[in-house]
Amino acid sequence: MKAAKRFPQSLMDLDKELDMEEDSDWYDRRLGSTTSPDEEEEWRSKIQSMIDEDTVPGYVYSEKLFLGGKQFQRAFALLKATMSGASTVFSYPTVFPQRFRHFRFELIFHFCIPIPSLESFPDLSEMKEYVASGAGYLQGGLQRENWERATLSLVKMTSKTAYHPGINFFIKHTGSIFRHLFDVALQEVKCNSFNANRLIELCPGMEDHLAVKFDDMLWSLMEHAAKNTHLALEPWYSCLNPNLPSFHPIDDEGDETEHYKMIGSNYVKVPRKSELREQTMKEKETLFSKFTSMFKTTLDDSKIKELLRSRGEDLATERKSFLPEERSKMINDEETEKILQSAFLYVMALHEQIQIHLNFQINHYVYNAFKEANTHFSREVTDGDWDEMVPRDYDLEDSIKELEEKISEIQNSLREVQKIQSKF
């Protein structure tokens with residue numbers, strides 16, 4: 001706050017930050033091997049489109065002037081908004097089943113999690129003609145349409161383009177913010193410390209030396225952050241997990257037929273799948289209410305452990321479908337549509353988990369890593385060639401030599417005077 005008040009010209013809005021990132025030394029430099037500068041440029045175009053169309057969410061605070069950690073927080077909010085396609089966050093694609101719409105709105109309202117739209121992700125409907133090829137033939141020796149394989153391919157293709165370029169851009173964006181903070185810190189040192197300012201005047205190369213060392217440290221940090229964040233993200237879409245929280249399969253769509261089974265000598269009505277799903281949701285709410293009641297009274301370690309064990313057993317034995325089991329010998333258009341629906345719903349659920357996951361990854365590999373690197377920066381600075389930072393002044397050397405000769409002559413004269421005094 002003190003620096004922001006003292007140097008108001010250093011405060012930035014989002015437009016100025018984006019311009020600063022474009023002027024940075026690493027704007028078109030390749031960062032890691034996961035994504036290319038051209039893909040990062042496409043991500044910048046998405047952001048620019050949001051700005052031009054005035055669809056940047058209010059929580060990004062694009063017009064606010066910030067300095068310091070708030071700039072990092074805004075950059076992260078911008079990353080999430082761009083990932084989620086904020087301009088159409090409440091619009092639903094044609095493949096979105098009607099019965100899920102109210103549920104998704106509830107999720108957005110209660111948890112403030114941006115929900116992806118097909119504007120920010122590759123349009124799954126455009127991949128319809130390739131789904132049959134993704135299903136393959138005779139997978140694992142079984143002559144049956146492999147819808148799961150096609151769904152996984154859709155999820156992989158979608159996720160790779162939806163996340164990785166944005167992560168690289170975000171790291172470059174925050175890198176330019178950190179570089180700007182270095183300039184502000186150097187300016188503050190000059191104003192606050194006479195000795196530091198005097199040292200920089202005596203050593204004209206000192207400021208450039210500090211800047212080079214900082215840039216090297218910052219780029220190394222950015223490479224490390226990009227590598228680890230990409231690696232941590234890939235396992236999320238390398239395989240499919242039907243038990244992913246908030247994912248609801250479509251195989252019970254329209255299953256409202258009443259079924260009965262014989263128990264003893266009587267026929268007993270079997271709950272519909274939709275009714276079982278509602279019952280499962282109620283059981284989850286009951287679990288949380290049990291935890292809440294425990295915390296309100298007293299903590300009983302044995303009861304909590306027993307509750308967790310019971311919940312773990314329920315999850316381990318829970319039956320959950322993924323894709324419809326009834327399939328034709330050769331996939332048709334209706335079945336292709338079901339695969340697209342399932343892939344979209346899975347991507348939606350996966351996106352929520354990745355949003356949460358990225359909070360930890362970004363904070364650890366970027367923000368905390370930068371703070372830790374700063375603690376070692378002062379030691380690394382002293383490894384420079386100080387002779388290069390202090391250019392030789394030959395006129396000054398002659399003056400010093402002349403002064404040393406005069407001092408020597410005066411000392412000789414004093415010794416002669418002492419000898420004369422000793423004779424008396």
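Read-outs: derived from the displayed coordinates by stated rules, not from any lab. Please read these numbers as outputs of a predicted model, since none were measured by experiment. Quick reminder, even Gly has a Cβ in these numbers, built from the backbone with ideal geometry, and neighbours come from all protein chains shown.
Of the peptides 410-422, 33-45, the ranking by mean beta-carbon count within 10 Å, highest at the top, reads 33-45, 410-422. For region 3-51, the Kirkwood radius over C-alpha pairs fed into Stokes-Einstein at 10 °C and 1.306 mPa s yields D = 125 µm² per second. Computed over region 307-347, the alpha-carbon pair-distance distribution with 5 angstrom bins reads 5, 18, 19, 14, 12, 12, 10, 6, 4, 0, each value a whole percent. Seen through its C-alpha gyration tensor, with square-root eigenvalues sorted a ≥ b ≥ c, region 34-88 comes out oblate because a/c lies at 1.5 or above while a/b is not bigger than b/c.
May I ask you to compute the full-extension gain from K190 to Q139, defined as 0.36 nm times their residue separation minus their alpha-carbon distance, rounded to one decimal in nm? Going from the current span to full extension adds 11.5 nm. Which entries in the list K5/K371; K64/K172; K190/K406 go over 32 Å, if you measure between the two C-alpha atoms of each? Pairs exceeding 32 Å: K190/K406.
Using a simple spin-label model with pseudo-atoms 7 Å out from Cα toward Cβ, E416 and E63 lie 8.5 nm apart. Spin-label model, R379 to E42: label points 7 Å out along the Cα-to-beta-carbon direction sit 4.3 nm apart. Calculate the FRET efficiency for K70 and C203 from the Cβ-Cβ distance with a Förster distance of 35 Å, rounded to the nearest 0.05. Efficiency, from the Cβ-Cβ distance: 0.55. If R0 is 25 Å, the Cβ-Cβ spacing of F360 and R327 corresponds to a FRET efficiency of close to 0.05. For region 229-239, putting each phi into the Karplus relation 6.51 cos²θ - 1.76 cosθ + 1.60 with θ = phi - 60° gives couplings of 5, 5, 5, 6, 7, 4, x, 5, 10, 7, 8 Hz, in residue order, rounded to whole numbers and with x for Gly and Pro.
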